[in-house]
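Peer 1: Sending over a structure as structure tokens; questions will come in a sec.
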Amino acid sequence: MGFIESVVNECVSTISKPSNEIVLCDLFSGSGRVANHFKNRFKIVANDLEFYSYATLENLLNNDASTVYECQPILDYMNHCMNGVEGFIFQNYSESAGRTYFTNYNAKLIDAGIALVYGMYGRGELTEQQFYYCLCSVLEGADKVSNTTGLYTAYLKKFKASSLNPIHFKAFDLKEAVASNDVYMGDATDLITHVSGDILYLDPPYNQRQYSGDYHLLNTIALNDKPEIAGITGKRVGRVGSPWSSKKLVKDEFRKLVELANFEFLVMSYSSESLMPPALIADIMSANGKYSVHEMEHKRFSSIKGQKNPFGGETVTEFLHVLHKER
Ligand SMILES: C[S@@+](CC[C@H](N)C(=O)[O-])C[C@H]1O[C@@H](n2cnc3c(N)ncnc32)[C@H](O)[C@@H]1O
């Protein structure tokens, strides 16, 4: 975040507007970490293709201390009084189901949490914002006790220590926002013609893994849609693929996005091991304004501790490609 912040600050220093009137759009927002970091300085527009991310963004960006206060009794009930239910998660993703993503105990409480939150919302007992707050507490609690290495493309056969902990439905510590934020769930290139602002932050997928597969179970928990599933890992059938994870499609998608973007600055995170080489990004950005690049070495992400790295070396070069767009 420090690296991103220093580059964003450089851009902001040339914008003559009060900080809370500056619009920063986080177009591939994922966990919402970047959007959340800046929400106490700028108006935020955040987007992602996946529903679990959309729910997270609604909670992080559009909830405040009053929602935290209002929902605390519900979380207390979930943590101390709620009985487990043998629902879709228990039936498909528990030890009993033969897919050891969750212990039987935690799977039943996840089902009970989903049923409670959706039930209350359906009966009009929760506002939309309270719904996202409580739903995210279920999502986050489930993620903390999942028996995976971080991605839901596989489960571990033997329960790891953290997955044996009883699930906890936690409260969120929400920062104050300086403006009313906008949250979307859509394809980046479709959305780009509908939004505008000062800084467009881009952190697209960087390899050929699809997020809809890697996090299928978070979508299933968040959507409560009991989908058709298939295979050993029980992935959702009919998942949406992203062109940003396709070696063939990514270049045209990127070019289109850069050309269409109605923002003064584009700042893109992309590593040395991503699908498009730095020279291609430089070419495409330079054709649309003044281009510069910043770089830092970063510890390489591995979902398995101590796993040997196929690329060799412990670090990866993280680039921040910056375009000052001529509009
Ligand atoms: C590298 S991650 C972003 C991580 C994020 N910066 C964070 O802090 O969590 C890329 C994100 O892009 C999303 N994504 C993939 N294809 C997309 C598309 N076509 N439009 C919008 N979002 C997309 C994925 O769901 C994923 O959350």
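The values are calculated or read from the model by the stated rules, or taken from the named source; none is laboratory data. Everything numeric in this text was worked out from a predicted model, so none of it was measured. Methodologically, a virtual Cβ is constructed for each residue, glycine included, from the backbone with ideal geometry; neighbour enumeration extends over all protein chains shown. The protein model used for the area step is the full one, side chains on, heavy atoms only, and it has no ligands, DNA or RNA in it. Shrake-Rupley method; radii C 1.70, N 1.55, O 1.52, S 1.80 Å.
Peer 1: Over the chain, with the other protein chains present, what is the accessible area per residue in square angstrom, probe 1.4 angstrom? Intermediate values should be presented prior to the final figure.
Peer 2: Numbers: 15390 Å² over 327 residues.
Each residue of the chain exposes 47 Å² on average to a 1.4 Å probe.
Peer 1: 7 Å from Cα along Cα→Cβ at both Leu260 and Lys170: what's the point-to-point distance in nm?
Peer 2: For Leu260 paired with Lys170, the spin-label model returns 3.7 nm.
Peer 1: Of Val195, Pro278, Ser6, which is farthest on the positive side of the dipole of the chain, counting Cα position, with +1 on Lys and Arg Cβ, -1 on Asp and Glu Cβ, and the Cα centre as origin?
Peer 2: Of the listed residues, the answer is Pro278.
Peer 1: Related question: Go through the stretch 13-21 residue by residue and turn each phi into a ³J(HN,Hα) via Karplus (6.51, -1.76, 1.60, θ = phi - 60°); whole Hz please, and just put x for glycine and proline.
Peer 2: Per residue, the Karplus-derived 3J(HN,Hα) values read 4, 9, 9, 9, 8, x, 3, 6, 9 Hz.
Peer 1: Return one number: the angle in degrees, 0 to 90 and rounded to the nearest 10, between the long axis of the Cα atoms of helix 51-62 and the longest principal axis of the Cα atoms of the chain.
Peer 2: It works out to around 70 degrees.
Peer 1: Check the straight Cα-Cα distances from Lys175 and name the lysines below 29 Å, setting aside those fewer than 8 residues away within the same chain.
Peer 2: Correct list for Lys175: Lys17, Lys39, Lys43, Lys144, Lys299.
Peer 1: What 222 nm value per residue comes from the helices of the chain, counting each DSSP H run with n ≥ 4 as -39,500 (n - 2.57) and dividing by all residues, nearest 500 deg cm²/dmol? Don't jump to the answer; show the numbers that get you there.
Peer 2: Numbers: 13 runs with 127 residues, N = 327.
Roughly -11500 deg cm²/dmol at 222 nm, from the helical runs in the chain.
Peer 1: Rank by packing, highest mean first: peptides 22-31, 245-254, with packing defined as the count of other Cβ atoms within 10 Å averaged across residues. Walk me through the numbers on the way to the answer.
Peer 2: On the way: 22-31: 23.3, 245-254: 15.7.
Put in order of decreasing packing, that is 22-31, 245-254.
Peer 1: Right, another one. Choose one of Gly84, Tyr155, Gly238: the residue whose Cα lies farthest towards the positive end of the charge dipole of the chain (beta-carbon charges +1 Lys, Arg; -1 Asp, Glu; about the Cα centre).
Peer 2: Tyr155
Peer 1: Would you pull out the residues with amide H under 5 Å of Asp182's amide H, same chain only if 5 or more places away, H placed 1.01 Å from N?
Peer 2: Ile44, Val45, Ala46
Peer 1: May I pose another question? Given the peptides 162-168, 185-191, arrange them by the average over their residues of other C-beta atoms within 10 Å, most packed first. Present the calculation step by step, with values, prior to reporting the outcome.
Peer 2: On the way: 162-168: 15.1, 185-191: 16.7.
The most tightly packed comes first, giving 185-191, 162-168.
Peer 1: Shifting gears a bit: Be a star and scan the stretch 256-284 for residues whose amide nitrogen sits under 13 Å from the point 7 Å along the Cα-to-Cβ vector of Val293.
Peer 2: 268-284
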